[in-house]
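The values are calculated or read from the model by the stated rules, or taken from the named source; none is laboratory data. Note that the structure is predicted; figures quoted are calculated from it, not measured. Virtual Cβ from ideal backbone geometry, glycine too; neighbours counted across all protein chains shown. Ligands, DNA and RNA are excluded from the accessible area calculation, which covers all protein heavy atoms including side chains. Shrake-Rupley method; radii C 1.70, N 1.55, O 1.52, S 1.80 Å.
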Amino acid sequence: MGKTLLLSLLFCIFTGILSQDSNDVTVIISGSSLLGETNDDYVCATIDWWPPEKCNYNQCPWGQASALNLDLENPILAKAIAAFGSLRIRLGGSLQDQVVYETSNLESQCTGFKKSSSGLFGFSQGCLSMERWDALNDLFLKTGAVVTFGLNALRGRHLVRKGKYSGAWNGTNARDFIKYTIAKDYPVDSWEFGNELSGSGVGASVAAYQYGKDIITLRTMLSELCENCKIKPLVVAPGGFYEQRWYAQLLQVSGVGAMDAVTHHIYNLGGGNDPHVASRILDPYYLDRISDTFRDLELTIQRHGQWTRAWVGEAGGAYNSGSPLISNSFLNSFWYLDQLGLAAKYKTAVYCRQTLIGGNYGLLDTETFIPNPDYYSALLWHQLMGSGVLSLDISGSPYLRAYAHCSKNKEGVTVLLLNLNRSTGFTVTVQNDINADIGEGFGIERDGLFLHGLKRTVLWIGSKASDGSEMREEYHLTAKDNYVLSRIMLLNGTPLELIEGEIPTLNPVLVPVNSPIFVAPLSIAFVVFPNFEAKACNR
């Protein structure tokens with residue numbers, strides 16, 4: 001089959017214009033300035049502490065997926081991490097503030113978590129042995145992972161009333177653990193202080209004033225221990241649910257330079273047994289609600305802590321281990337990718353997905369380690385979406401979501417399109433704001449205020465000429481057999497499955513650059529535009 005015929009066939013398959021109903025949509029991208037910037041390792045995944053006995057809704061989905069019992073020799077695990085090149089992994093979770101470290105000052109035996117009615121979340125204290133810590137870091141070093149470690153921030157405090165803890169943090173055990181880690185030159189680039197102890201807390205809470213003082217203590221400790229380190233480790237906190245007053249006071253008390261990042265958690269779809277999880281994922285108005293949290297945190301940082309950056313330290317969609325049939329399915333990628341896009345718009349530097357493995361929301365299956373659909377969504381984002389976030393305006397239905405970034409490691413712009421509509425496809429035209437027809441701005445939803453003064457022309461590529469021979473890359477994601485709860489995702493019609501135990505290469509289809517894009521019902525598309533004129537991406 002000739003190349004021209006093959007290209008035409010692929011174009012028909014992935015546009016489907018002749019066979020499906022569609023609405024016309026225009027996306028206008030502003031390339032003159034950045035809306036925000038993410039870290040290069042924006043995509044992050046967590047490893048939790050939950051033991052096999054952690055159960056919800058008459059099911060126990062954690063198995064051997066804890067930092068204490070995960071099979072670190074599993075070849076799929078290593079390959080899945082290494083495929084990112086530099087995947088950030090955050091070790092933390094609900095039991096984090098009950099973890100002690102097997103150092104010389106530890107007075108008790110080093111044992112794992114056990115069921116305990118008197119313990120936080122129904123479990124006793126657990127211990128991380130240095131042998132296990134060495135093994136974890138063997139994996140991290142082998143795969144190029146960047147590590148954020150969540151420290152126990154409750155040690156030394158005392159319970160004053162239900163859920164409320166008082167007293168200064170005892171950092172002796174943590175100090176020895178950090179000293180050991182630095183001496184071994186392990187890849188921990190950031191230490192997160194505490195988990196869900198902010199505001200009213202989840203199970204336990206600490207007042208913002210005391211928390212801020214303890215962060216100063218941690219910063220001083222790290223400065224002393226890492227005086228000769230080539231790269232100074234970051235301090236991030238508090239790893240909780242955002243409450244404006246508490247977060248503002250934390251920043252004011254800890255002061256300039258004590259914290260490098262402000263972390264918060266998001267579970268905006270409800271509990272894992274909530275019957276509305278699936279419908280919320282496909283409801284654009286519901287998805288938009290979390291924008292208020294991102295916006296408010298951005299304003300709090302601007303007013304009280306401009307030296308810090310916002311991180312999503314943990315986000316799993318549905319809380320309590322995720323939704324059993326949804327969080328590991330193709331459907332969940334609409335929520336996940338949309339939230340990656342939303343968070344980046346509000347200057348979020350890092351976004352940690354709960355989890356890499358474990359529960360129902362793992363990027364990898366807890367038992368087989370085989371990647372779930374969201375793994376490939378995360379990998380595509382990491383490979384295609386650069387750190388520069390661009391503003392865009394979009395006309396048409398709210399059920400088509402769009403985000404634009406500078407392309408990763410190449411010139412141009414990459415656009416993410418999510419079609420939440422069950423029956424209607426969208427024919428999308430992408431234009432540059434420097435040459436879009438201002439008359440086409442009617443009905444456009446605006447990210448920014450850049451529609452003023454637009455020049456009149458219609459070529460997407462800006463003032464650079466195109467003879468029609470240039471090609472763009474398209475990555476269309478759909479569910480196998482059009483079943484949105486499928487655990488098999490298709491990329492340009494091909495199932496994404498391990499090939500002899502290897503992570504498959506994510507290849508695009510090439511399409512003439514000036515042709516419209518068709519986004520089928522309930523599908524996702526990454527589109528890479530080469531040489532898109534975006535001055536902000538050329539810095």
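Note on the stretch 356-393: residues that are farther than 27 Å from ASP71 by Cβ, of a type in the set (A, V, I, L, M, F, W, C) and open to solvent by 10 Å² or more (accessible area, probe 1.4 Å) amount to 1. Kindly indicate whether GLY322 is farther than 27 Å from VAL528 by Cα, open to solvent by less than 20 Å² (accessible area, probe 1.4 Å) and not basic (Lys, Arg). Yes, satisfied.
(1) open to solvent by less than 10 Å² (accessible area, probe 1.4 Å); (2) outside any strand (DSSP E or B); (3) within 30 Å of PRO187 (Cα to Cα); (4) in contact with a Leu (Cβ under 9 Å, 6 or more places away or on another chain): which one isn't true of LEU287, the others all being true? Condition (3) is where LEU287 drops out. Kindly list the number of the only condition in (1) at pLDDT below 95; (2) under 25 Å from ASP288 (Cα atoms) that fails for TYR475. Result: TYR475 fails condition (1) only.
Tell me, please, whether a residue that is assigned to a helix (DSSP H, G or I), within 28 Å of ARG157 (Cα to Cα) and either open to solvent by 40 Å² or more (accessible area, probe 1.4 Å) or in contact with a strand residue (DSSP E or B) (Cβ under 9 Å, 6 or more places away or on another chain) (or both) can be found in the stretch 303-314.
Yes: one or more hits.
Exactly one residue out of ASP374, ASP393, ASP365 is of a type in the set (Asp, Glu) and within 13 Å of the chain's Cα centre (by Cα), and it is ASP374. Close contacts from the stretch 301-326, counting a first residue that is within 20 Å of LEU485 (Cα to Cα) and a second that is modelled with pLDDT under 95, with Cβ to Cβ under 6 Å and a gap of 6+ residues or different chains, come to ASN320/ASN56; SER321/ASN56. Within the stretch 81-95, residues that are touching a residue at least 60 places away in the same chain (Cβ under 8 Å) and at negative phi reach partners that are β-branched (Val, Ile, Thr) and outside any strand (DSSP E or B) with beta carbons closer than 8 Å, at six or more positions or on different chains, in the pairs ILE81/THR143; ALA82/THR143; ALA83/ILE503; LEU87/ILE81; LEU87/THR143; ILE89/ILE81; SER94/VAL202.
Quick grid of which residues meet (1) surrounded by 13 or more Cβ atoms within 10 Å (Cβ to Cβ); (2) within 11 Å of PHE330 (Cα to Cα):
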{"site": "ILE488", "(1), (2)": "yes, yes"}
{"site": "THR494", "(1), (2)": "no, no"}
{"site": "GLU500", "(1), (2)": "no, no"}
{"site": "THR505", "(1), (2)": "no, no"}
{"site": "PRO508", "(1), (2)": "yes, no"}
{"site": "PRO512", "(1), (2)": "yes, no"}
{"site": "SER515", "(1), (2)": "yes, no"}
{"site": "VAL528", "(1), (2)": "yes, no"}
{"site": "ASN531", "(1), (2)": "yes, no"}
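Taking the stated definitions as given, is SER329 on the phi < 0 side of the Ramachandran plot, polar (S, T, N, Q) and within 19 Å of the chain's Cα centre (by Cα)? So SER329 passes the test.
Go through (1) among the aliphatic types (A, V, I, L, M); (2) part of a loop (DSSP other than H, G, I, E, B); (3) in contact with a Phe, Trp or Tyr (Cβ under 9 Å, 6 or more places away or on another chain) for VAL147 and report which single condition fails. Of everything listed in (1) among the aliphatic types (A, V, I, L, M); (2) part of a loop (DSSP other than H, G, I, E, B); (3) in contact with a Phe, Trp or Tyr (Cβ under 9 Å, 6 or more places away or on another chain), VAL147 misses just condition (2). The single condition among (1) within 19 Å of THR348 (Cα to Cα); (2) out of contact with any Lys or Arg (no Cβ under 7 Å at 6 or more places or on another chain) that SER254 does not meet is (1).
Which one is nearest to PHE529 (Cα to Cα) among residues in the stretch 414-425 that are out of contact with any Ser or Thr (no Cβ under 6 Å at 6 or more places or on another chain) and open to solvent by less than 10 Å² (accessible area, probe 1.4 Å)? That would be VAL415. Are any of the residues in the stretch 356-373 closer than 17 Å to TYR475 by Cα and part of a helix (DSSP H, G or I)? Taking every residue of the stretch 356-373 in turn, at least one turns out to be closer than 17 Å to TYR475 by Cα and part of a helix (DSSP H, G or I). Of all residues in the stretch 327-355, those being open to solvent by 10 Å² or more (accessible area, probe 1.4 Å) and either in a strand (DSSP E or B) or basic (Lys, Arg) (or both) number 2. Can you find even one residue in the stretch 155-172 that is touching a helix residue (DSSP H, G or I) at 6+ places or on another chain (Cβ under 6 Å), in contact (Cβ under 8 Å) with a residue 60 or more places away in the chain and not β-branched (Val, Ile, Thr)? No, the conditions are met nowhere in the stretch 155-172.
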